[in-house]
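See structure below.
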Amino acid sequence: MGKRDREEVDELADGGAAEKRPREEGASLLGLASYEDDEEEEAARGQANGHRAEGNGEEGEDEDDEEDDVRRAPERRPRRVELRRDCPYLDTVNRQVLDFDFEKFCSISLSNLNVYACLVCGKYFQGRGLKSHAYTHSLEAGHHVFINLQTERAYCLPDGYEINDPSLEDIRHVLNPRFTKEQVLNLDKNKQWSRALDGSNYVPGMVGLNNIKETDFVNVTIQSLMRVTPLRNFFLIPENYQHSKSPLVHRFGELTRKIWHARNFKGQVSPHEFLQAVMKASNKRFQIGVQSDPVEFMSWLLNTLHAKLKSSKKKNRSIIHDCFQGELEVVKEVHRKHIMEKKEDGAELNGDAGSAVGAADGTVMETSKVPFLMLGLDLPPPPLFKDAMEKNIIPQVPLFNILKKFDGETVTEVVRPSIARMRYRVTRLPKYLILHMRRFTKNNFFVEKNPTLVNFPVKNLELKDYIPLPKPKENDKLRSKYDLIANIVHDGKPGEGCYRVFVQRKSEEAWYEMQDLHVTETLPQMVALSEAYMQIYEQHE
C-alpha cells in the first residue's frame with residue numbers, strides 16, 4: 001500500500017478501520033465519537049477548493065476512487081473520530097485573540113460552511129479534512145487547536161482527533177452564551193462585576209458597543225431596549241424564538257445574550273453580525289457608514305421583529321406588542337370641501353375610521369381606534385429674539401404640557417394627507433411607554449433642530465393627573481405610574497452630531513451614561529439636564 005492509499009484509509013475509512021488506527025503511547029482515550037456532519041464537510045471542502053485538477057496516471061485514478069467513495073457516502077456508516085482528553089497543544093490556545101462577534105466566514109474561501117476558528121491565532125478557516133484550509137493552516141503555521149463554530153466541537157489538526165477537555169468550556173460559553181431560566185430571573189438582582197481578560201472590570205448588561213462607522217443610532221437603540229425586562233428575558237432563551245426563520249431575530253437574540261453574558265473575554269461587544277442582518281432586512285435603508293435617526297430605526301426594528309415573531313395562535317400577538325403596544329382614540333375633523341377634493345383626486349378616505357358624523361358647519365368628524373408603539377410629542381417653537389446678553393434663550397417646557405396633546409381635547413392641526421383637526425386620547429396604556437420629542441423639522445432647504453429642554457421626572461411619572469384615562473375593568477387596577485429606564489439624547493447640529501443614552505441599572509437603581517464604548521456612572525439629576533430625544537418609561541407593577 002502506497003503513502004497515498006494510507007492517507008485515504010486514515011481520512012475516509014469507516015468505523016472499523018478507524019478503530020485499528022495506531023495510538024500514541026500513553027494517550028488517554030475516551031473511546032470513539034461519531035461525527036455525522038463529515039459528508040457535508042467533504043462536499044463543502046469540494047466547493048471551497050473549486051474543481052479538482054484533472055490529470056492522468058496513478059494520482060488521477062486515486063482521485064476518481066475518492067470521488068466514488070464520496071458518491072457512495074450515504075451507504076457508509078458515519079465516520080468515527082478518536083476522542084482524547086490529553087491534547088499536548090492546549091497550552092497554545094490564546095484567548096486574547098479570540099473574537100466571535102464577527103461573521104462566521106472562512107478567511108480564505110469566504111464560505112460559511114463548516115467554519116473552524118483557530119484557537120491559537122483567532123482566524124477562521126473552512127473544513128478540517130485533507131486539503132481543507134484549516135488543515136493547511138495547521139501545517140503551515142504550526143497551529144493545532146480548532147473549534148467548529150457551529151457544533152462547538154474542538155479538534156487537533158493535522159492529527160484529526162476530537163479534544164474533550166473542560167478547559168475549553170469558557171471558550172464555548174463566549175462563542176454561544178447560554179442562560180438558564182433561573183439565571184434570567186435573577187439577572188436584575190446581580191450586583192457582581194465581571195473581569196475581562198485584560199484585567200478591566202465590567203457590569204453584565206452595561207457593556208459598551210463598538211461604533212463600526214456612524215452606527216451610534218443603532219447602539220443607543222439597542223442599549224435602550226436591553227432595559228426592557230420582558231423583551232430581554234425573551235431573547236435570552238433561544239427556544240422562545242426558534243420557530244422564526246428570520247436572521248434578524250436570531251442576530252438580535254445573540255447580541256442580547258452577549259451583552260448580558262457574565263463571562264466575556266472583553267468588556268465590550270461588537271454588533272457587527274446584527275448590523276449585517278439589519279442592512280439585509282431593511283434593503284439598506286439603515287447601513288454602516290450612513291447616519292440615521294434612532295426614532296426611525298426603533299420604529300422599523302420593533303415592527304419588523306413583531307412581523308417575524310407573531311404567531312397565528314395568539315391572534316398575531318408577539319413579545320413586542322405585549323411590551324409596547326397601546327391604543328389611541330383619534331377624532332378627526334375634516335371639512336366637506338376637502339373630502340370632495342380628495343374624492344375628485346381619486347384618493348380614498350382613511351379606511352380604519354370607526355364612525356363618521358356630519359356637523360352643521362360643514363365638517364365631518366371621524367372617530368377611530370388606532371394602536372401605537374410610540375407617542376410623538378410636539379415641542380413649542382423656540383424664541384426668535386435674543387435676550388439682553390445677546391444670547392439665545394434656551395426655553396424649557398414641562399413634559400406634562402406637551403403630553404396634553406393626548407388629553408382628548410387639545411386640537412392638533414395637520415396638513416397631510418389632507419387639512420384636518422385632530423384630537424387624540426389614550427384608551428389603553430402599554431407596559432413600556434416610548435415617547436419621542438419631535439426636535440427636527442425638515443423644509444425644502446435644510447433641517448432645523450429645536451433646542452427646547454423638556455423637564456421630566458425620572459421616577460413616578462403619574463399620567464392620570466395630566467391626561468384622562470379609561471376606567472379599568474372590574475378587579476383591575478389603573479396602572480398609570482411610570483419610571484424612566486432609558487433616555488436617548490442628541491448632541492450637536494441637525495444632520496450631524498451624535499447620540500448617547502442614559503440607562504438605569506435595576507439591581508442598584510444606578511444610572512449610566514453610554515456613548516458607544518464609553519460607559520460611565522452618572523447622577524440621576526444629570527439625566528434630566530439633557531436634550532431628550534426618545535425615552536422609554538416602565539409601568540409600575
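Key figures for this structure:
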item: Criterion violated by residue 198 - all others in (1) over 26 Å from residue 291 (Cα atoms); (2) buried (at least 20 other Cβ atoms within 10 Å of the Cβ) satisfied; result: (2)
item: Selection count where residues are among the polar types (S, T, N, Q), open to solvent by 20 Å² or more (accessible area, probe 1.4 Å) and over 15 Å from residue 103 (Cα atoms), scope segment 265-291; result: 4
item: Close pairs from segment 177-195: first closer than 19 Å to residue 508 by Cα, partner basic (Lys, Arg), Cβ under 8 Å, at least 6 apart; result: 187/232; 188/506; 194/263
item: For residue 146: the one exception among (1) in contact (Cβ under 8 Å) with a residue 40 or more places away in the chain; (2) crowded, with 20+ Cβ neighbours inside 10 Å; (3) not in a loop (DSSP other than H, G, I, E, B); result: (1)
item: Counted residues, segment 432-447 - those being modelled with pLDDT of 85 or more and of a type outside the set (Val, Ile, Thr); result: 8
item: Qualifying residue in segment 464-487 (condition: within 13 Å of residue 533 (Cα to Cα) and not aromatic (Phe, Trp, Tyr)); result: yes
item: Breaking point among (1) surrounded by 18 or more Cβ atoms within 10 Å (Cβ to Cβ); (2) in contact with a strand residue (DSSP E or B) (Cβ under 6 Å, 6 or more places away or on another chain), for residue 396; result: (1)
item: Any hit, segment 217-236, residues being modelled with pLDDT under 90 and either buried (at least 17 other Cβ atoms within 10 Å of the Cβ) or not charged (D, E, K, R) (or both); result: no
item: Neighbours by Cβ (under 8 Å, 6+ apart or cross-chain): first from segment 81-108, assigned to a helix (DSSP H, G or I); second among the polar types (S, T, N, Q); result: 90/167
item: Residue match in segment 465-482 (condition: open to solvent by less than 30 Å² (accessible area, probe 1.4 Å), in contact (Cβ under 8 Å) with a residue 60 or more places away in the chain, under 25 Å from residue 408 (Cβ atoms) and not acidic (Asp, Glu)); result: yes
item: Whichever residue in segment 70-80 is part of a loop (DSSP other than H, G, I, E, B) and within 21 Å of residue 161 (Cα to Cα) and, among such residues, is modelled with the highest pLDDT; result: 79
item: Enumeration of residues in segment 86-143 that are surrounded by fewer than 18 Cβ atoms within 10 Å (Cβ to Cβ), closer than 13 Å to residue 156 by Cα and either of a type in the set (Phe, Trp, Tyr) or in contact with a Cys (Cβ under 6 Å, 6 or more places away or on another chain) (or both); result: 89
item: Selection status of residue 211, closer than 21 Å to residue 265 by Cβ, touching a residue at least 40 places away in the same chain (Cβ under 8 Å), under 17 Å from the mean Cα position of the chain (by Cα) and not in a helix (DSSP H, G or I); result: yes
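The values are calculated or read from the model by the stated rules, or taken from the named source; none is laboratory data. Quick caveat, the model's predicted, so the values are computed rather than measured. Every residue, glycine as well, gets a Cβ built from its backbone with ideal geometry; the counts of neighbours run over all protein chains shown. All accessible areas refer to the heavy atoms of the entire protein, side chains included, with ligands and DNA or RNA removed. Shrake-Rupley method; radii C 1.70, N 1.55, O 1.52, S 1.80 Å.
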